[in-house]
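For reference, the structure discussed in these notes is given below.
The values are calculated or read from the model by the stated rules, or taken from the named source; none is laboratory data. This is a predicted model, so every value here is computed, not measured. Backbone-built Cβ (ideal geometry, glycine too); neighbour counts: all protein chains shown. We work out accessible area using only protein heavy atoms, side chains counted, and drop any ligands, DNA or RNA first. Shrake-Rupley method; radii C 1.70, N 1.55, O 1.52, S 1.80 Å.
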Amino acid sequence: MAYRADITIIGSGVIGLAVAAQVASQDREVYVLEKNKTFGLETSSRQSGVIHSGIYYPEGSLKAKMCVAGNRILYQLCEEYGIGHRRLGKLIVATSDEETGELQTLLARGRRNGAEDLRILSRREMKELEPNVEGVAAILSPSTGIIDSHALMRYFIARARDKGAQIAYRAKVVAIEKVADGYKVTVGEGAEEFSFTTRILVNCAGLYSDKVAELTGIDIAKEGYKLHYCKGEYFSVGGGKNRLVSRLIFPLPPPKGTSLGIHVTLDLEGRMRLGPSIQYVDSIDYAVDNQHQQLFYDSVIRFLPFIDYDDLEPEMAGIRPKLQEPGEDIKDFVIRDEGDKGLPGFINLIGIESPGLTASAAIAKYVSGLIEELLAK
Ligand SMILES: Cc1cc2nc3c(=O)[nH]c(=O)nc-3n(C[C@H](O)[C@H](O)[C@H](O)COP(=O)(O)OP(=O)(O)OC[C@H]3O[C@@H](n4cnc5c(N)ncnc54)[C@H](O)[C@@H]3O)c2cc1C
């Protein structure tokens, strides 16, 4: 166990890779450990690919701050490094006068969060932009867009490697022990097992980040770190309807911030899909239940009257790592050094659900700030 790293990051989803790209430097030993055979095979490739603008999240929360900052950084990175993206804009559509009042509340919250370009459209203005969408009014968010999340991850990998970081695949972290001035990390299983020490350990393990935190002895139930899996399914829209909208079209979100409501996303090829739904589940299973087709149809028909039931085909699913239990109010990201639990240099990122993709580069800067403070001590 002679080997000693400076910074070790667990997980090569978009968050772990963004952190690696930010903190790597030629005079540091930086490692990313990934249990799968390659990067980004879990939540980071099972999501909508939307660059959010920061409308929904409670004022002052990390979700709000990281989303608004991350939105700006992502567009800059996309433009500078040719990462596939489109600043399509989005509408949040009210379908009744009662919902129009809720639009005002959302608009005010979004502006307080720093999404300054939002504005309310009348029905006529909305129809000028999106003639095929039905509603009484809408919020226009011009800075919402879409991004090629794989290209973003490849960019973070290239940047991390250029600065000397190494990424180890098929390297599952199975044990963590606090030792003098750092952590002993055990990777692999059985005969393949090996250990090394690291001064800083960053937990970016996505759906398993609560279990990784538990390896250090943290009582995850007591600390409120236990994750609840919340599945989101998608249905693709066929029937030649792809070109009938040119922006992302969202309903008003359901209460308590569990999700944004089943909405229309477009990918960079212009394909249309609906999703993600919300369903708390006990285990990780990405199958899409075709019995849910009616739910998808019923959810969007009010504002997308051109969709026929038979246009919908089950597509894919992702699973949100939620700190929020069913029925609870929205919970913020946990991003913190655990020094106050006797674990200085162990940085947890737990509950990094949406807008984690949008926030990735901003989260990486935030984590880098925590690490620089620790290293300066
Ligand atoms: C349905 C859905 C839609 C979404 N849509 C959007 C969107 O449009 N816009 C947006 O901004 N955000 C969106 N998000 C959120 C975004 O996708 C996530 O916040 C982000 O991908 C999380 O990245 P991550 O790196 O934390 O997790 P992951 O991508 O899950 O990566 C974690 C990695 O850790 C590895 N790992 C776990 N345990 C270990 C271990 N013991 N040892 C080694 N490696 C380990 C895993 O194998 C995995 O590769 C969506 C999420 C979902 C579920």
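Could you tell me how many degrees, from 0 to 90 and to the nearest 10, lie between the Cα long axis of helix 62-81 and the main elongation axis, the longest principal axis, of the Cα atoms of the chain? Value to nearest ten degrees: 90.
A Förster radius of 35 Å, combined with the Cβ-Cβ distance separating Arg111 from Tyr169, puts the computed FRET efficiency at roughly 0.20. DSSP finds beta bridges in the chain, and of those with both partners inside it, around 70 percent are antiparallel.
Computed on protein heavy atoms with a 1.4 Å probe, the accessible areas place Asp308, Asp97, Asp6 in the order Asp97, Asp308, Asp6, largest first. Pair-distance distribution P(r) for the stretch 219-266, from all Cα-Cα distances in 10 Å bins starting at 0: 19, 35, 25, 13, 7, 1 percent. Once all protein chains are placed together, Asp329 keeps about 100 Å² accessible to a 1.4 angstrom probe. Rg/Rh for the stretch 33-157 (Cα atoms only, Rh after Kirkwood) is 1.04. Approximating the spin labels as points 7 Å out from Cα along Cα→Cβ, the Arg154-to-Lys178 distance works out to 4.3 nm.
In order along the stretch 367-372, the phi-based Karplus estimate (6.51 cos²θ - 1.76 cosθ + 1.60, θ = phi - 60°) of 3J(HN,Hα) comes to 5, 4, x, 4, 5, 4 Hz; Gly and Pro are listed as x.
Annotation: amide H-H contacts under 5 Å for Leu268 (H modelled 1.01 Å from N, sequence separation of 5 or more, or interchain): none. The listed residues His228, His263, once ranked by accessible area (1.4 Å probe) with the largest placed first, stand as His228, His263. State the answer as a single residue: which of Ile220, Ile157, Leu201 lies farthest towards the positive end of the charge dipole of the stretch 146-234, with beta carbon charges of +1 for Lys and Arg and -1 for Asp and Glu, about the Cα centre. In the stretch 146-234, that residue is Ile157. Principal-axis analysis of the Cα atoms of the chain puts helix 149-162 at an angle of about 30° to the longest axis. Using a probe radius of 1.4 angstrom, the carbon and sulfur fraction of the accessible surface of the chain is 48%.
Surface exposure of the chain, expressed per residue as accessible area with a 1.4 Å probe, stands at 42 Å².
When the label point is put 7 Å from the Cα of Lys127 along its Cα-to-beta-carbon vector, which residues of the stretch 70-93 have a backbone N closer than 20 Å? Flagged as within label range: 91-93. Taking max minus min of the alpha-carbon positions on each principal axis, the stretch 239-327 gives extents of 38, 26, 26 Å, largest first.
Sorting Leu343, Leu268 by accessible area puts them as Leu268, Leu343; the probe is 1.4 Å, largest comes first, and only protein heavy atoms count. Contact order for the stretch 1-137, expressed relative to its length and based on alpha carbon pairs under 8 Å spaced 6+ residues apart, stands at 20 percent.
Here Arg336 sits with roughly 70 square angstrom of accessible surface, probe radius 1.4 Å. Taking amide hydrogens as placed 1.01 Å from N in the peptide plane, the amide H of Ile51 sits under 5 Å from those of Gly145, Ile146, Ile147, each at least 5 positions away in sequence or on another chain. Both radii were evaluated on the Cα set of the chain; the Rg over Rh quotient, with Rh as the Kirkwood radius, amounts to 0.99.
At the residue level, Leu62 shows approximately 30 square angstrom of accessible surface with a 1.4 angstrom probe and all protein chains present. How high is the FRET efficiency between Asn36 and Tyr81 when r is their beta carbon distance and R₀ equals 35 Å, given to the nearest 0.05? Efficiency, from the Cβ-Cβ distance: 0.90.
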